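In what follows, a structure is listed as structure tokens, so that the remarks can point back to it.
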Amino acid sequence: DADTAMYHAKNSGRNNFQFFTEQMNAIVQRQMRLISVLSGALERGQFLLKYQPQIALRTGKMIGVEALLRWQSPELGDISPNEFIPVAESAGLIIAISDWVLMEACLQGKQWLDQGLTGLRVAVNLSAVQFQQPHLAEKVRQALAATGFPAELLELEITESIMMSDKNAIITLLDELKALGTQISIDDFGTGYSSLSYLKRLPIDRVKIDQSFVRDVVIDPNDAAIVTAIIAMTHGLNLEVIAEGVETQAQLEFLLSKGCYYAQGYHFSKPVGEQTIPALWHSGFAVSRGEDC
Ligand code: C2E
Ligand code: MG
Ligand code: MG
Ligand code: MG
């Protein structure tokens, strides 16, 4: 990436300018290629959603799923959303893609509801770019109305990055979304560039502890302290808290011992196709002590 290119350019002794230029060219070429194939991806039906279960740790029940976007490009293969979402944002493609995600997730949620998966929540990731649109709440209202999916089962995941723009405008938008009845969570909590004071000002229901803190929580005392503090803070603020990226029984037990009762991660399930969710919902997950699944 650009940082690596810069590092090599600074450290490569001779020819470093040429090296740097070649690296930058490669990055720019890749971006341009991505933009050109990404711009036709929606109408060519190359996107799909995978769904990752969210589990109540005291019962093993699936309480919700997070919708995660997948792009299967015939030209470039499978590309991570970590790579193509920022490109879609800068190329002005994210709004159309996000509209599709929202509609698709609500349609799927309604289908599960009709199949008897009562109370199953569906979480959708929102881009900061969507908050630059004044009509975000109206779009969400329309998606709910068109699909018949109940607002209280739709969760909207935002990141701290939205607070980089006009805070009052953001709070107004979030209030409108809350007024519809949707739930709002803060994703990747603790990684963003923002102060804690917004936590009490925003109408949010839930905080998602970022997976970077969960990863080493049982071996790194610093991560343990951060996770413990986030959980205690959410309790004090009357917010729900869910841990992301839970991969082991030991992480799960740490979280339970600190009072975090919800989790999502490979320990339970990777993101799966929609057809897999009903069976997981019915079977539930093993969460009891010492019982690894
Ligand atoms: P995110 O919203 O924080 O989603 C969690 C990511 O962690 C997902 O990656 C998920 O597959 C991965 N993950 C889940 N459990 C584990 C685990 O136990 N271990 C590890 N190592 N990883 C785990 P994914 O699907 O590649 O998505 C990456 C990011 O792309 C998302 O992070 C989100 O920021 C963004 N994204 C995905 N779908 C959408 C979308 O529809 N709209 C927008 N705006 N962004 C999206
Ligand atoms: Mg998310
Ligand atoms: Mg996250
Ligand atoms: Mg993330």
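The values are calculated or read from the model by the stated rules, or taken from the named source; none is laboratory data. Computed from a prediction, not measured in an experiment: that's the story for all the values here. Here Cβ is always computed from backbone atoms with ideal geometry, including for glycine, and neighbour counts include all displayed protein chains. The area values use the complete protein model at the heavy-atom level, side chains included, leaving out ligands, DNA and RNA. Shrake-Rupley method; radii C 1.70, N 1.55, O 1.52, S 1.80 Å.
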Of the conditions (1) surrounded by 15 or more Cβ atoms within 10 Å (Cβ to Cβ); (2) within 16 Å of ligand 2 (Cβ to nearest atom); (3) closer than 23 Å to GLY109 by Cβ, the single one that ILE277 does not satisfy is (2)
Can you pull out every residue in segment 223-246 that is open to solvent by 50 Å² or more (accessible area, probe 1.4 Å) and within 28 Å of CYS106 (Cα to Cα)? ASN238, GLU240
Working only within segment 184-209, note down all residues that are touching a helix residue (DSSP H, G or I) at 6+ places or on another chain (Cβ under 7 Å) and either polar (S, T, N, Q) or within 16 Å of ligand 2 (Cβ to nearest atom) (or both). ILE184, ILE186, PHE189, GLY190, THR191, GLY192, SER194, VAL207, ILE209
For segment 58-88, which residues satisfy the criterion of being farther than 28 Å from LEU120 by Cβ and among the charged types (D, E, K, R)? GLU75, GLU83
Any residue at all in segment 161-179 that is among the acidic types (Asp, Glu), touching a helix residue (DSSP H, G or I) at 6+ places or on another chain (Cβ under 6 Å) and under 18 Å from GLN54 (Cα atoms)? no
Checked segment 78-120 for anything of a type in the set (S, T, N, Q) and either in a helix (DSSP H, G or I) or buried (at least 16 other Cβ atoms within 10 Å of the Cβ) (or both); matches are ASN82, SER90, SER98, GLN108, GLN111
Restricting attention to segment 148-160, which residues are open to solvent by less than 10 Å² (accessible area, probe 1.4 Å) and more than 13 Å from ligand 3 (Cβ to nearest atom)? PHE149, LEU154, LEU156
In this structure, does ALA145 turn out to be more than 13 Å from ligand 1 (Cβ to nearest atom), small (Gly, Ala, Ser) and surrounded by fewer than 13 Cβ atoms within 10 Å (Cβ to Cβ)? yes
Look through segment 161-170, keep the residues that are part of a helix (DSSP H, G or I) and away from ligand 2 (no atom under 16 Å from the Cβ), and return whichever of them is surrounded by the fewest Cβ atoms within 10 Å (Cβ to Cβ). ASN168
Across segment 154-172, what is the number of residues that are modelled with pLDDT under 95, within 30 Å of GLY119 (Cβ to Cβ) and of a type in the set (A, V, I, L, M, F, W, C)? 3
For segment 36-47, state whether one or more residues are in a strand (DSSP E or B) and either open to solvent by 10 Å² or more (accessible area, probe 1.4 Å) or out of contact with any Ser or Thr (no Cβ under 6 Å at 6 or more places or on another chain) (or both). yes
The residue that is least open to solvent (accessible area, probe 1.4 Å), considering only those in segment 210-222 that are more than 12 Å from ligand 2 (Cβ to nearest atom) and in contact with a Phe, Trp or Tyr (Cβ under 7 Å, 6 or more places away or on another chain), is VAL217
